[in-house]
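Participant: Before I ask anything, let me first share the structure, which is written out below as structure tokens.
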Amino acid sequence: MTKPIRIMLVDDHDVVRFGLKSFLDTQEGLDVVAEAANGIEAIKRALEVKPDVILMDITMPEMDGMEATRQLKTQCPDCLVLALTVHEDKEYFIQMLGAGASGYITKQAASDELVMAIETVAKGHVYLQPALARWLLEDYQRLSNQYPVARTASAAQGTGSPVGLDVLSQRELQVLELVADGHNNKYIGEALGLSPKTIARHRERIMNKLNMHSRTELVKFAIRTGLIQLD
């Protein structure tokens, strides 16, 4: 029998947590194992119960969801964060992904979409609410128009060719695809038969070659080049 997905709810409104728990506990394969009312409580409870997926609100007292996500990804890297928020806002969207969230969905979403998002994130994939996913492409296009794109060695010599997938080795392409899909180093290492340290070195080389500094930038690059597709 498949183990249920263990979920922690993080929201500063008691009635929201109560409603979510009441709904999620009726869904086969889902189990709410912990709750927290702010980011500080979330980190403490996550370290205690090690949930599979954390539904994380953004605007909360004491510590907001973005800072809590950043700290959780350091202290509990196997805990996967799915942002669940009222904010249908591009800036929040980009910042939560940059903090390490594996997904973003608004509280206006249908209940079956929330379940699908939880299941997607629990499998190690990225879930971006389709209505919001366009922001990744828009953000990349805006930045590419404002700033020079990263250049290959040949571009530095004057050819002006933008960096593409051709600058990466086959192994680096495999790693990049899995990183962009939201997997951590441990998972990628197991999938490719490599150690997490080796995967970390591959990620560093990929970022150096592409002149990028965050997972969000890598996701944008993977989408733009067609390495991964948004549903």
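What follows is calculated from the coordinates using simple rules that are stated; it is not laboratory data. If you're wondering where the values come from, they're calculated on a predicted model, not measured in any experiment. Backbone-built Cβ (ideal geometry, glycine too); neighbour counts: all protein chains shown.
Participant: Of F23, F93, F221, how do they rank once you tally other Cβ atoms within 10 Å and put the fewest first?
Facilitator: Placing the least packed residue first, the sequence is F23, F221, F93.
Participant: Taking 0.36 nm per residue of sequence separation and subtracting the Cα-Cα distance, how much length would be gained by fully extending the chain between H125 and E91, in nm to one decimal?
Facilitator: Here the answer is 10.1 nm.
Participant: If we count other beta carbons within 10 Å of each Cβ, what is the order of I206, I54, I223, I188, fewest first?
Facilitator: I223, I206, I188, I54
Participant: Same structure, new question: So if each residue of separation counts as 0.36 nm, and I subtract the Cα-Cα distance between Q108 and H13, what length gain in nm does that give?
Facilitator: 32.6 nm
Participant: If you don't mind, there's one more thing I want to ask. Rounded, prolate or oblate for the range 43-83? Axes are the square roots of the Cα gyration tensor eigenvalues, ordered a ≥ b ≥ c, and the cut-off for rounded is a/c under 1.5.
Facilitator: The shape class here is prolate.
Participant: Quick query: amide H of M63 versus all other amide H atoms, modeled in the peptide plane; which residues come in under 5 Å with a sequence gap of 5 or more or a different chain?
Facilitator: G39, I40
Participant: Evaluate the Debye formula for the range 5-129 with equal point scatterers sitting on the alpha carbons, no solvent, and hand back log10 of I(q)/I(0) at q = 0.13, 0.19 Å⁻¹, in q order, two decimals.
Facilitator: -0.41, -0.96
Participant: Something else: At a 10 Å Cβ-Cβ cut-off, how would you order H87, H213, H183, fewest neighbours first?
Facilitator: Least to most surrounded, the residues fall as H213, H87, H183.
Participant: Hey, any idea what the orientation-averaged projected area of the convex hull of the range 56-105's Cα atoms comes to, in nm²?
Facilitator: 3.1
Participant: Net charge within 15 Å of T2 by Cβ-Cβ distance, Lys/Arg positive one each and Asp/Glu negative one each, not counting T2 itself?
Facilitator: Neighbour charge sum, excluding T2 itself: -1.
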